[in-house]
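Down below is the structure, laid out as structure tokens.
The values are calculated or read from the model by the stated rules, or taken from the named source; none is laboratory data. Keep in mind the model is a prediction, meaning the values are calculated, not measured. With ideal geometry, Cβ positions are generated from the backbone for all residues, glycine too; neighbour counts draw on all protein chains shown.
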Amino acid sequence: MARFVQRDSYQPLLLPVDLREWAPEDDMVQFVLEAVELTRFRGHLMI
């Protein structure tokens with residue numbers, strides 16, 4: 001038998017809208033994300 005989970009439309013988000021908010025600004029993940037964005041070329045990564 002199916003079980004349905006009640007939802008609350010007023011519940012705040014469980015995660016931040018941008019997950020980069022969780023990492024400090026000097027964290028390596030910030031550097032990697034910026035480097036990947038800089039290497040994008042017309043929707044494809046230049047490898």
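Condition (residue is under 15 Å from the mean Cα position of the chain (by Cα), modelled with pLDDT of 85 or more and of a type in the set (A, V, I, L, M)) applied to segment 4-21: is it met by at least one residue?
There is no residue in segment 4-21 that is under 15 Å from the mean Cα position of the chain (by Cα), modelled with pLDDT of 85 or more and of a type in the set (A, V, I, L, M).
ARG40 versus (1) over 16 Å from the mean Cα position of the chain (by Cα); (2) surrounded by 10 or more Cβ atoms within 10 Å (Cβ to Cβ); (3) at pLDDT 80 or above: which is the lone unmet condition?
Result: ARG40 fails condition (3) only.
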